[in-house]
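Everything on this sheet refers to the single structure shown next.
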Amino acid sequence: MNAMPGMDHSAHGMPAKPAKPAVSLTLKEGEALRELPRLASQASDAGLFQAKLTAAPTTVRFAEGVETQVLAYNGMAPGPLIEAFEGDRIEIDFTNDIPGEDSTIHWHGMPVPADQDGNPMDPVASGATRGYAFDLPAGSAASYWFHPHPHGKTAEQVYRGLAGIFLVKPKADPVPAAYGDTVLVFTDLRLGADGAISENSMVDLMNGRVGDHVLVNGQKNPVLDVPLRAKRRFRLYNATNARFLKLSFGAAAMTVIGTDGGLLEAPFAVDDVLLAPAERLELVVSFERPGTVQLQTLAYERGWMGPGKPNDAGLALLTVNVSDTPGEPMPPLPEKLGTLAALGTPVVNRRFVFTEKMGMSAGGMEMGFFINDVAFDMNRVDVTVKAGDVELWEVINRADMDHPFHVHGTQFQVVEHERDGKVTPPAYRAWKDTINVARGETVRLLLKQDLPGQRMYHCHILEHEQLGMMGIVDVTV
Ligand code: C2O
Ligand code: CU
Ligand code: CU
């Protein structure tokens with residue numbers, strides 16, 4: 001049971017502790033930015049992270065007298081944040097307390113064994129507990145996340161609140177500690193007139209669900225105070241089902257230092273960034289002038305069918321107040337952050353073609369999302385690859401909207417983008433597990449799976465994944 005706000009749990013006249021909200025979700029603007037709650041390890045030995053995670057419904061109050069049921073891990077939504085180090089062993093007991101629904105925990109982007117990766121083929125029944133165990137290999141430091149992946153329920157369980165952060169840190173970090181390390185996780189929320197999280201409509205299924213409120217760490221446009229000339233490290237997570245976030249910090253200079261799979265070789269200055277659903281970016285932002293700057297959304301044309309096209313330009317997601325007085329002098333960002341291994345020459349080329357079908361039939365509106373003309377079938381292996389082989393995957397979008405492509409179990413490197421006959425290399429070399437494939441675009445990428453077993457690849461607009469835009473790659477030894 002969660003404590004009711006205002007209820008006095010103190011015994012024998014001890015002063016009552018202020019009631020902690022069960023989840024950090026709030027629609028009040030202008031509150032101080034909160035850090036995501038952390039999940040502590042219960043193991044006493046260094047090198048082992050042991051904890052329990054329970055997914056369950058919990059109640060949050062967005063307004064007086066209105067109670068909204070959300071889903072939360074250990075009462076936290078979004079969250080919790082798990083922090084571990086390269087070389088650590090991870091052991092997590094997961095309990096599914098969602099009434100009447102299977103769930104799983106999928107470790108998005110992480111190199112975990114296939115049978116520990118929370119695939120739809122390995123459901124955890126309502127009321128059941130299972131352990132997930134894996135080791136974090138050397139070189140795996142990056143900004144990962146975790147979320148449910150049960151067959152047919154992933155989209156709904158995520159928009160109802162289940163999304164946590166998994167940071168793997170390196171033993172030695174080239175980014176100055178003085179910059180801090182702040183996770184900013186974006187989710188979006190839509191409530192019905194009754195205050196409940198509304199269910200997906202037909203338009204949501206077609207386009208992916210886009211909420212009414214974009215939240216940062218569960219808060220609406222929170223405030224962060226920094227001293228003049230501060231540099232801050234931010235890890236941006238797009239944990240929305242389907243919202244494309246084109247973002248700018250206004251007058252504050254942004255430098256990309258990392259992506260889904262860890263640090264770049266060298267910092268890369270940008271004016272804005274595009275974060276498709278499930279993508280992550282590490283940024284260093286320099287606050288050189290006193291005053292207020294905002295992290296804002298910019299217009300982005302992602303393709304939309306039917307009514308209700310969201311106006312996603314000009315939303316303030318985070319307000320930063322830069323003081324008049326300088327703080328501690330900041331060490332410079334190193335010119336070199338690390339090395340990115342080259343994957344080498346591919347031994348196989350494969351094509352994955354995204355299409356969508358929309359139309360009326362005798363039975364009503366029909367809608368389908370396909371990869372290579374077929375919808376997902378849990379009992380069908382779509383592709384077989386050999387562990388350790390480097391492959392070139394060509395992902396072709398012949399649909400009317402953008403589809404972010406994601407593959408489980410590994411990180412890949414984009415080689416080039418092609419659109420209207422024009423081929424362009426990516427702005428920087430990077431490890432990625434999710435890449436947006438824009439309308440009419442082809443993305444070529446190099447990838448290698450090291451661990452055997454079945455892996456999913458899919459569009460990370462979760463409604464499209466649910467409607468069939470997913471396949472299975474079987475990795476054999
Ligand atoms: Cu976040 Cu199957 O993915
Ligand atoms: Cu994944
Ligand atoms: Cu899609």
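The values are calculated or read from the model by the stated rules, or taken from the named source; none is laboratory data. For clarity, every value in this text was computed on a predicted model and none was experimentally measured. Cβ atoms come from the backbone with ideal geometry, glycine included; neighbour counts cover every protein chain shown.
Brief remarks on what is shown
- Each residue in segment 125-156 was checked for being in contact with a Ser or Thr (Cβ under 7 Å, 6 or more places away or on another chain) and surrounded by fewer than 22 Cβ atoms within 10 Å (Cβ to Cβ), and 1 pass.
- If only residues of segment 384-395 that are part of a strand (DSSP E or B) and away from ligand 2 (no atom under 16 Å from the Cβ) are counted, the one that is farthest from Gly261 (Cα to Cα) is Thr384.
- Remark: Val70 falls outside the filter, which requires a residue to be part of a strand (DSSP E or B), crowded, with 16+ Cβ neighbours inside 10 Å, without any contact (Cβ under 8 Å) to a residue 40 or more places away in the chain and not basic (Lys, Arg).
- Complete set of residues in segment 395-407 that are touching a Ser or Thr at 6+ places or on another chain (Cβ under 8 Å), under 20 Å from Glu279 (Cβ atoms) and at pLDDT 95 or above: Val395, Ile396, Asn397, Pro404, Phe405, His406
- Residue in segment 47-63 that is buried (at least 17 other Cβ atoms within 10 Å of the Cβ) and either under 21 Å from Gly261 (Cβ atoms) or touching a Pro at 6+ places or on another chain (Cβ under 6 Å) (or both) present: yes
- When the strands (runs of 3 or more DSSP E) confined to segment 232-285 are screened for residues that are on the phi > 0 side of the Ramachandran plot, those reaching at least 1 such residues are found at 262-270.
- Those strands (runs of 3 or more DSSP E) of segment 105-196 in which at least 1 residues are under 25 Å from Gln296 (Cα atoms) and either modelled with pLDDT of 95 or more or over 13 Å from the mean Cα position of the chain (by Cα) (or both), considering only elements entirely within it, cover 142-147, 164-169, 182-189.
- Qualifying residue in segment 88-102 (condition: farther than 30 Å from Glu199 by Cα, assigned to a loop (DSSP other than H, G, I, E, B) and more than 16 Å from ligand 2 (Cβ to nearest atom)): yes
- Elements of type strands (runs of 3 or more DSSP E) contained in segment 396-439, each with 1 or more residues being within 17 Å of the chain's Cα centre (by Cα): 403-407, 434-437
To keep it simple, each residue is scored yes or no on (1) of a type in the set (Ser, Thr, Tyr); (2) modelled with pLDDT of 95 or more.
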site: Gln294; (1), (2): no, yes
site: Gly308; (1), (2): no, no
site: Val348; (1), (2): no, yes
site: Thr355; (1), (2): yes, yes
site: Met367; (1), (2): no, no
site: Ile371; (1), (2): no, yes
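- Residues in segment 203-219 that are crowded, with 21+ Cβ neighbours inside 10 Å, part of a strand (DSSP E or B) and not polar (S, T, N, Q): Val214, Leu215, Val216.
- Criterion: at pLDDT below 95 and more than 24 Å from Asp181 (Cβ to Cβ) - qualifying residue of Phe94, Phe62: Phe62
- Candidates Val415, Val423, Val407, Val347: the one that is under 21 Å from His108 (Cβ atoms) and either out of contact with any helix residue (DSSP H, G or I) (no Cβ under 6 Å at 6 or more places or on another chain) or in contact (Cβ under 8 Å) with a residue 12 or more places away in the chain (or both) is Val407.
- The residues of segment 402-444 that are crowded, with 16+ Cβ neighbours inside 10 Å, more than 16 Å from ligand 2 (Cβ to nearest atom) and among the small types (Gly, Ala, Ser), listed by number, are Ala430, Ala438.
- Residue check for Asn200: within 30 Å of Arg455 (Cβ to Cβ), surrounded by fewer than 21 Cβ atoms within 10 Å (Cβ to Cβ) and in contact (Cβ under 8 Å) with a residue 40 or more places away in the chain: yes
- For the criterion of being within 16 Å of ligand 3 (Cβ to nearest atom), in a loop (DSSP other than H, G, I, E, B) and either over 24 Å from Gly208 (Cα atoms) or in contact (Cβ under 8 Å) with a residue 24 or more places away in the chain (or both), Asp450 fails.
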